[in-house]
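S.K.: Questions regarding the structure given below will be posed in turn.
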Amino acid sequence: MKIPLVDLKANYLSIKDEIDKAIQEVIDNTSFIMGKYLKNFEENYANFCKAKHAIGCSSGTTAVHLALIAAEIKKDYEVITVPNTFIATTECISYVGGKIKLADVNEDTALINIEQLEKTITPKTKAIIVVHLYGQMPDMQKIRKIADEHGLFLIEDAAQAHAAEWNGHQPGFYGDIASFSFFPAKNLGCFGDGGGVVTNNDELAEKMRLLVNHGRTTKYEHKIEGFNYRLDPLQAAVLNAKLPHLTKWTDLRRKHAKFYTEQLSEIEEIQTPVEAKGAKHVYYMYEIRTKKRDILMQFLKDKGICCGIHYPIPLHLQPAYDTFGFKKGDYPVSEMLAKEILSIPIYPEITEEQRKYIVKNITQFFRK
Ligand SMILES: Cc1ncc(COP(=O)(O)O)c(C=O)c1O
C-alpha cells in the first residue's frame, strides 16, 4: 500500500465542486488583484479566529516579516525564538536587521522552554516569536505575562496551527500578532503560496494592511513604502471554500492522532506526542520519537509509507548561521529531537485501513 505524508488530492476531491466553483467565479469576474474575494476571506478568517482583523498576504514567511515590521524591530534588536522551527521564522528576524536569539524547547512537547525563554531576555530584547510547532500552542498565558513584564512584543508563528487553542483561545488572542501560512500542505492550505496575519490591535492591522500593498491609501497615493505581499484572490477563494470545513478536518486530525497514540503508546521504544493540559493540538504533524528513527523511516518507506522529519537540522547548526556564533551542544533538546523525531502520515482523509497499515508496520518493526 502506498501512503503519502499528506494527500492533497484526496482533500481537493472531497470538496471539488465547491473549490472549482469558487475558482471559476474569480475568473468570471476577472477579480485577480485585491477585491471582494480577498475581503470575504479576510472577514471570514478573522471571524473563525475570533480576532478583530485578518489580513491576507503572500506566504507564511511574509506574514512573519509583516509582524516584525509592525512591531518596529530594528537593527540589533534581539528577538527570541526556538531552534526547532522552519528557517522562515529566523530569516524574518534577519530581514529587519534583528538579532536571532534562541531558547531551547521542552522534550515532551517540542515547544519553547519558558524558563529558558525568560533567561534569554536581555535589555536589548524587543520581541518573542513563539512557534506553535506541529499544531500545538505552549502556555500562552505565562508567555504573555513574561512579555508584559519585560515590555516585549509577542508574535505567534501559527503557520502550523490553524484552529489550535490554548485554554480556549486561538492564535492571535495572547499574541500582539499571529502569523499563518496557507502553503498547500498546511491544515488550511491554498493552491500555491499564501499567508495571513491576525490581530486585535487596530493600529497594527492598519499598518500591516498598508505594508502588504505598497503602502497604498488610493491607487497612486502611498502613505509609506511597503511591499507587494498581497494574497492572490484566486487563493483567497480556495481558502474561503475550504474554511467552512476546517473544524471538521481538525476534528478528524485529532481523531486520527488519538488512534495512533492508543495503538503506539504500548511500544516501549517509541514516544508518542504529548498534548499538554490546556492545549488543543491540531496535529499538522503527528511526531513520534525513537532512537531507531532512521532505520524505522527506511523500513516504512520500503512498505510504501512516506514519512518526514520536521526538522532534521536545528537552526543553530544550519550552514546559513555558521557565522552567527552558535555551536553544537548549545540547544541539546532541539539537537536530540532532530535525531529522533519522525512525522508519520496524518491528514483528514486518511482511511482506517491506511492508519491500521501504518500501525501494523511500526509494531512489526519493533517486534523484529
Ligand atoms: C513555523 C513556520 N513558520 C513559517 C513558515 C513559512 O511559511 P510559508 O512556507 O508559507 O512561507 C512555515 C512553513 O512551513 C513554518 O512551518
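The values are calculated or read from the model by the stated rules, or taken from the named source; none is laboratory data. Everything numeric in this text was worked out from a predicted model, so none of it was measured. No Cβ is skipped: glycine too gets one built from the backbone with ideal geometry, and neighbour counts run over all protein chains shown. The area values use the complete protein model at the heavy-atom level, side chains included, leaving out ligands, DNA and RNA. Shrake-Rupley method; radii C 1.70, N 1.55, O 1.52, S 1.80 Å.
S.K.: Can you pull out every residue in the range 268-280 that is assigned to a loop (DSSP other than H, G, I, E, B) and touching a Ser or Thr at 6+ places or on another chain (Cβ under 9 Å)?
M.R.: Glu269, Ile270, Thr272, Pro273, Val274, Glu275, Ala276
S.K.: So Tyr283 fits all but one of (1) within 13 Å of Pro348 (Cβ to Cβ); (2) hydroxyl-bearing (Ser, Thr, Tyr); (3) in a helix (DSSP H, G or I); what number is the exception?
M.R.: Going through the list (1) within 13 Å of Pro348 (Cβ to Cβ); (2) hydroxyl-bearing (Ser, Thr, Tyr); (3) in a helix (DSSP H, G or I), Tyr283 breaks only (3).
S.K.: Just to verify a result, which residue in the range 64-87, among those that are within 15 Å of the ligand (Cβ to nearest atom) and assigned to a helix (DSSP H, G or I), is nearest to the chain's Cα centre (by Cα)?
M.R.: Val64
S.K.: What are the residue pairs meeting all of these: first residue in the range 262-284, first residue within 19 Å of Ala158 (Cβ to Cβ), second residue part of a strand (DSSP E or B) and basic (Lys, Arg), Cβ atoms under 9 Å, and 6 or more apart or on different chains?
M.R.: Pro273/Arg289
S.K.: Return the residue satisfying two criteria in turn: it lies in the range 175-215 and is assigned to a loop (DSSP other than H, G, I, E, B) and away from the ligand (no atom under 16 Å from the Cβ), and of such residues it is least open to solvent (accessible area, probe 1.4 Å).
M.R.: Looking at the filtered set, the residue picked out is Gly215.
S.K.: Let me confirm something: among Lys223, Lys219, Lys207, which residue is free of Cβ contacts under 8 Å to residues at least 12 places away in the same chain and farther than 30 Å from Glu18 by Cβ?
M.R.: Lys219
S.K.: So which of Thr90, Thr61, Thr120 ends up being among the hydroxyl-bearing types (Ser, Thr, Tyr), away from the ligand (no atom under 16 Å from the Cβ) and either over 17 Å from Gly226 (Cα atoms) or open to solvent by 10 Å² or more (accessible area, probe 1.4 Å) (or both)?
M.R.: Matching residue, one of Thr90, Thr61, Thr120: Thr120.
S.K.: Still on this model: Is it the case, given these coordinates, that Val26 is assigned to a helix (DSSP H, G or I), touching a residue at least 60 places away in the same chain (Cβ under 8 Å) and more than 16 Å from the ligand (Cβ to nearest atom)?
M.R.: It is true that Val26 is assigned to a helix (DSSP H, G or I), touching a residue at least 60 places away in the same chain (Cβ under 8 Å) and more than 16 Å from the ligand (Cβ to nearest atom).
S.K.: Being of a type in the set (S, T, N, Q) and part of a helix (DSSP H, G or I) is the filter; apply it to the range 29-58 and report the residue that is nearest to the ligand (Cβ to nearest atom).
M.R.: Per the criteria, the residue is Asn44.
S.K.: Further question on the same structure: Just one of Asp7, Asp76, Asp20 is under 20 Å from Leu188 (Cα atoms), surrounded by fewer than 23 Cβ atoms within 10 Å (Cβ to Cβ) and in contact (Cβ under 8 Å) with a residue 40 or more places away in the chain; which is it?
M.R.: Going through Asp7, Asp76, Asp20 in turn, just one is under 20 Å from Leu188 (Cα atoms), surrounded by fewer than 23 Cβ atoms within 10 Å (Cβ to Cβ) and in contact (Cβ under 8 Å) with a residue 40 or more places away in the chain: Asp7.
S.K.: Just wondering, is there one or more residues in the range 272-289 that are farther than 15 Å from Tyr134 by Cα and either crowded, with 17+ Cβ neighbours inside 10 Å or at pLDDT below 95 (or both)?
M.R.: no
S.K.: I've got another one for you. Checking the structure you have, find out if any residue of the range 351-368 is in contact (Cβ under 8 Å) with a residue 40 or more places away in the chain, open to solvent by less than 20 Å² (accessible area, probe 1.4 Å) and part of a loop (DSSP other than H, G, I, E, B).
M.R.: no
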